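> The structure under discussion is supplied below as structure tokens; questions concerning it will follow.
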Amino acid sequence: MAVARYRPDNDVTFDLANGLVHLAGAQARVLVPAEALAALCGAAGSEAVGAFGAALGQAMGQRVGARLSAASGDASESGAGARAASVETVVDHLGAELSLAGLGSLSIERWGHALVVVVDHCPLGAGGDVLLEAAVGEAVAATAARPVHAVFLARDGVRARLLLTSGPVAERVREWLRGGATWGEALTRLHATPAQGAQPS
């Protein structure tokens with residue numbers, strides 16, 4: 001299915017008379033300083049930040065899923081448009097959503113069977129890693145309308161890497177990372193257990 005690249009040029013509008021920011025196909029937006037959001041994340045705790053990130057991601061994924069379903073002409077099944085689109089198309093649309101939220105630029109890397117999401121230049125820095133993990137995982141899950149988990153692997157300066165996978169595999173990878181394994185070692189171990197699989201299911 002050929003889908004044109006997403007161009008969000010006119011999707012954000014400012015209703016200055018009423019003091020509102022609108023994003024097409026979404027609820028009203030609020031613009032806040034990245035430093036203030038980072039401070040709030042630092043004070044809220046991982047569980048609350050994860051829930052907040054998941055809510056952000058769900059809204060992003062629903063917008064992407066709706067656009068891809070409309071482009072494919074198949075709105076009969078949730079996630080059908082995303083499953084019919086190429087990985088590159090889905091990444092392009094998800095990347096645009098992350099950019100519109102001001103959370104950085106998104107790309108993917110393939111490490112054997114593992115699909116790794118790369119987020120560059122998130123203004124929240126390391127303090128936003130929990131939010132990114134939840135937002136990316138839920139955005140992909142909502143786009144495809146199937147369970148997908150993101151596992152934060154590592155941060156290298158302004159670059160964060162997250163693995164996309166199923167729930168049981170996500171927990172195993174988190175255990176390895178908590179045990180001191182590097183993210184490269186974790187991916188190597190993952191490929192040594194092919195029966196479990198690295199891809200989202």
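> Using packing as a proxy for protection, rank 19-31, 87-99 so that the peptide with the highest average count of other Cβ atoms within 10 Å comes first.
Values: 19-31: 11.5, 87-99: 19.4.
Descending mean neighbour count gives 87-99, 19-31.
> For the pair Asp74/Glu175, report the inter-label distance in nm, with labels modelled 7 Å from Cα in the Cβ direction.
Spacing of the two 7 Å Cα→Cβ label points: 3.7 nm.
> In whole Hz and in residue order, list the ³J(HN,Hα) couplings for the stretch 103-114 that follow from phi through the Karplus curve 6.51 cos²θ - 1.76 cosθ + 1.60, θ = phi - 60°; x for Gly and Pro.
9, x, 9, 10, 8, 10, 10, 9, 10, x, 8, 8
> Return the long-range amide H neighbours of Leu153 (sequence gap of 5 or more, or a different chain), with a cut-off of under 5 Å between placed amide H atoms.
Those qualifying (amide H under 5 Å, at least 5 residues apart or on another chain) are Arg161, Leu162, Leu163.
> How much space per residue, in cubic angstrom, does the convex hull of the C-alpha atoms of the stretch 1-91 take up? List each step's numbers first, then the result.
Numbers: hull volume 12.8 nm³, N = 91.
Residue-normalised Cα hull volume stands at 140 Å³.
> Search the structure for amide H atoms under 5 Å from the amide H of Val148, placed 1.01 Å from N in the peptide plane, and list their residues when 5 or more places away or on another chain.
Here Ala141 satisfy the definition.
> Which value does Rg/Rh take for the chain over its C-alpha atoms, Rh per Kirkwood? If you can, show how the numbers build up before the last one.
Values: Rg = 17.1 Å, Rh = 17.5 Å.
Computed over Cα atoms, the ratio is 0.97.
> Would you please give the residues with an amide H less than 5 Å from that of Trp111, counting only those at least 5 places away or on a separate chain, with H modeled from the backbone geometry?
Result for Trp111 returns Val116.
> Do me a favour and compute the ellipsoid semi-axes for the stretch 99-168 from its Cα gyration tensor, root of five times each eigenvalue, largest one first, whole Å. Please report the intermediate quantities before stating the final value.
Working: eigenvalues 69, 38, 23 Å².
Equivalent ellipsoid semi-axes, largest first: 19, 14, 11 Å.
> Can you work out ³J(HN,Hα) from phi for every residue in the stretch 184-192, in order, using Karplus 6.51 cos²θ - 1.76 cosθ + 1.60 and θ = phi - 60°, giving whole Hz and x for Gly and Pro?
Computed from phi, the couplings for the stretch 184-192 are x, 5, 5, 5, 5, 4, 4, 6, 7 Hz.
> Using the Karplus equation 6.51 cos²θ - 1.76 cosθ + 1.60 (θ = phi - 60°), what ³J(HN,Hα) coupling, rounded to whole Hz, does each residue of the stretch 173-183 give in order, writing x for Gly and Pro?
Per residue, the Karplus-derived 3J(HN,Hα) values read 5, 4, 4, 4, 5, 5, x, x, 5, 6, 5 Hz.
> Right, here's the next one. Rounded if a/c is under 1.5, else prolate if a/b is larger than b/c, else oblate: which is the stretch 135-199, with a ≥ b ≥ c the root eigenvalues of its Cα gyration tensor? Before the final figure, lay out the partial values.
Details: a/c = 2.19, a/b = 1.18, b/c = 1.87.
Note, shape of the stretch 135-199 comes out oblate.
> If you average 1/r over all unlike Cα pairs in the stretch 10-53 and invert the result, what Kirkwood radius do you get in angstrom?
On the way: mean 1/r = 0.0814 Å⁻¹.
Taking every pair of different Cα atoms in the stretch 10-53, averaging 1/r and inverting gives 12.3 Å.
> Could you sort 48-60, 133-145, 178-190 so that the peptide with the highest average Cβ count within 10 Å comes first and the rest follow in order?
Details: 48-60: 19.8, 133-145: 25.8, 178-190: 14.5.
Going by the mean number of other Cβ atoms within 10 Å, highest first, we get 133-145, 48-60, 178-190.
> Loop-only GluC sites (Glu not before Pro) in the stretch 1-86, please: DSSP not H, G, I, E or B, and at most 14 other Cβ atoms within 10 Å. Don't skip to the end; give the middle numbers.
Working: sites: Glu35, Glu47, Glu77; in loops: Glu77.
Taking the stretch 1-86 and a limit of 14 other Cβ atoms within 10 Å, the loop GluC sites (Glu not before Pro) found are Glu77.
> Still on this model: Can you give me the accessible area per residue for the stretch 1-159, using a 1.4 Å probe, in Å²? All intermediate terms of the calculation are to be shown ahead of the outcome.
On the way: 8260 Å² over 159 residues.
Per-residue accessible area for the stretch 1-159 comes out at 52 Å².
The values are calculated or read from the model by the stated rules, or taken from the named source; none is laboratory data. Note that the structure is predicted; figures quoted are calculated from it, not measured. Reconstructed Cβ throughout: ideal geometry from the backbone, glycine too, with neighbour counts over all protein chains shown. Calculation scope for accessible area: heavy atoms of the full protein, side chains included, ligands and nucleic acids excluded. Shrake-Rupley method; radii C 1.70, N 1.55, O 1.52, S 1.80 Å.
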